[in-house]
Structure formats: C-alpha cells, structure tokens
1. So L139 passes all but one of these: (1) in contact (Cβ under 8 Å) with a residue 60 or more places away in the chain; (2) of a type outside the set (F, W, Y); (3) more than 17 Å from T11 (Cα to Cα); (4) within 13 Å of the ligand (Cβ to nearest atom). Which condition number does it fail?
2. Being under 25 Å from T27 (Cβ atoms), touching a Ser or Thr at 6+ places or on another chain (Cβ under 6 Å), in a loop (DSSP other than H, G, I, E, B) and modelled with pLDDT of 95 or more is the requirement here; does T145 meet it?
3. Among helices (runs of 4 or more DSSP H) lying entirely in region 1-101, which contain 1 or more residues that are free of Cβ contacts under 8 Å to residues at least 12 places away in the same chain and more than 16 Å from the ligand (Cβ to nearest atom)?
4. If I filter region 102-122 down to residues being crowded, with 16+ Cβ neighbours inside 10 Å and in contact (Cβ under 8 Å) with a residue 60 or more places away in the chain, which single residue comes out as farthest from L26 (Cα to Cα)?
Amino acid sequence: LEAKEEFSHKTRAMDVMRPRKNDPPLTVITQDSMTVEDVETIVTNTTYSGYPVVVSRASQRLVGFVLRRDLIISIENARKKQDGIVSTSIICFTDYCPPLPPSSPSVLKLRSILDLSPFTVTDETPMEIVVDIFRKLGLRQCLVTHNGKLLGIITKKDVLKHIAQMANQDPESILFN
Ligand code: ADP
C-alpha cells in the first residue's frame with residue numbers, strides 16, 4: 001500500500017500526457033502558415049477533439065486551442081460562402097494577418113474559433129493537482145508545457161484512465177464530477 005501511495009504521489013503530468021515516448025509528435029496547427037488543404041488533411045487523418053495552435057512548429061509556442069468540430073464547420077462554410085477561399089488559401093489565427101502577394105488566394109481568418117487561453121500545466125505538475133484542476137474546473141483537456149514550449153496534452157479520458165490505474169479499477173465504474 002505504501003509503495004502504491006508513493007507511486008501515485010510521484011506521477012507527474014509528463015507521465016500521463018500524450019504523446020508518450022516513441023509516439024508520433026503532438027498534432028498541432030500553426031497560427032499563420034498552413035493552407036486550407038493542410039488543415040483539412042489533419043482533420044481527415046486524425047480523430048482528436050482539438051488541436052493546439054502554435055506560433056510555428058520550430059518554436060512550439062502555444063497560441064491557443066481549436067476544436068475539431070469548429071474547424072470543420074468553419075472551413076466548410078468558408079468554402080461554400082466566402083469568395084476566394086480555396087485549397088491553397090492560408091488559414092490565419094492571428095489578430096493581424098500579414099499581407100500576401102496580390103496573386104495569392106484570399107486568407108481564411110479563423111481567430112474567432114480559437115480559444116486563446118487554454119488551460120496549461122507544466123510537465124512537472126503532480127497528477128494529484130492535475131486531477132484536482134480537472135474536477136474543479138470541469139476541463140475537457142489541458143495542455144502541458146516545459147519552459148513555455150508546448151509538450152503534450154492530457155484529456156479528461158486520459159485523467160480517468162490514470163485514476164483507474166491508480167485505483168486499479170475499471171474506468172467505467174468511476175464517477176467523475
Ligand atoms: P479522448 O481522450 O476523449 O479520446 P481525443 O480523441 O481528443 O479525446 O484524444 C485521444 C487521445 O489522443 C488522448 O490520449 C489524447 O491525449 C491524445 N490527443 C488529443 N489531442 C491530440 C493531438 N492534437 N495530438 C496528439 N495527441 C492528441
């Protein structure tokens with residue numbers, strides 16, 4: 001019993017977050033350099049409920065979080081109703097979208113669907129605290145950072161699985177909230 005308690009004490013956000021070691025990297029969207037087609041490919045090839053938006057892949061600086069369903073609806077609408085939105089249109093989540101050469105297609109501005117302050121914890125945060133935050137704030141997901149750089153994501157289901165593992169129980173049997 002003591003060993004188990006000690007283990008649960010020492011589990012940190014980095015131990016529960018995705019991606020795990022050897023997993024492919026987190027699927028992110030960049031704030032102003034992906035095309036409509038790039039984002040449609042991501043949405044088609046993955047089933048995640050949402051995607052962190054970062055300044056650039058190289059920087060991994062977090063800008064916000066965008067829900068999959070909002071992306072799908074906004075792109076679909078823009079393609080139907082907004083003049084000049086095509087596969088090669090750049091999607092821009094920033095306040096100010098840099099001007100492009102006159103020959104380039106219209107920019108699709110999606111700042112309005114971006115959650116600008118997604119909840120974040122550092123990778124060292126004890127899972128006890130993360131679980132508490134999920135419960136108290138009713139979070140669906142939380143992003144994990146290290147020195148201000150985006151490292152991973154923990155969803156409500158990840159937290160439930162973690163709790164179940166700790167308690168050695170079936171996740172279905174645990175009441176959340
Ligand atoms: P759920 O955990 O409810 O199934 P998701 O479908 O969003 O929700 O996530 C499935 C798994 O993928 C989770 O373990 C989560 O940590 C991870 N995940 C969520 N979003 C991303 C992402 N953008 N990139 C990589 N992994 C992700």
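The values are calculated or read from the model by the stated rules, or taken from the named source; none is laboratory data. Just so we're clear, the structure is a prediction, and the values are computed from it rather than from any experiment. Quick reminder, even Gly has a Cβ in these numbers, built from the backbone with ideal geometry, and neighbours come from all protein chains shown.
1. Among (1) in contact (Cβ under 8 Å) with a residue 60 or more places away in the chain; (2) of a type outside the set (F, W, Y); (3) more than 17 Å from T11 (Cα to Cα); (4) within 13 Å of the ligand (Cβ to nearest atom), the lone unmet condition for L139 is (1).
2. So T145 does not fit the description; no.
3. 2-10, 68-81
4. The extreme case among them is L108.
Results for (1) among the aromatic types (F, W, Y); (2) at pLDDT 95 or above, shown as yes or no for each residue.
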position	(1), (2)
Q60	no, yes
F65	yes, yes
G84	no, no
E124	no, yes
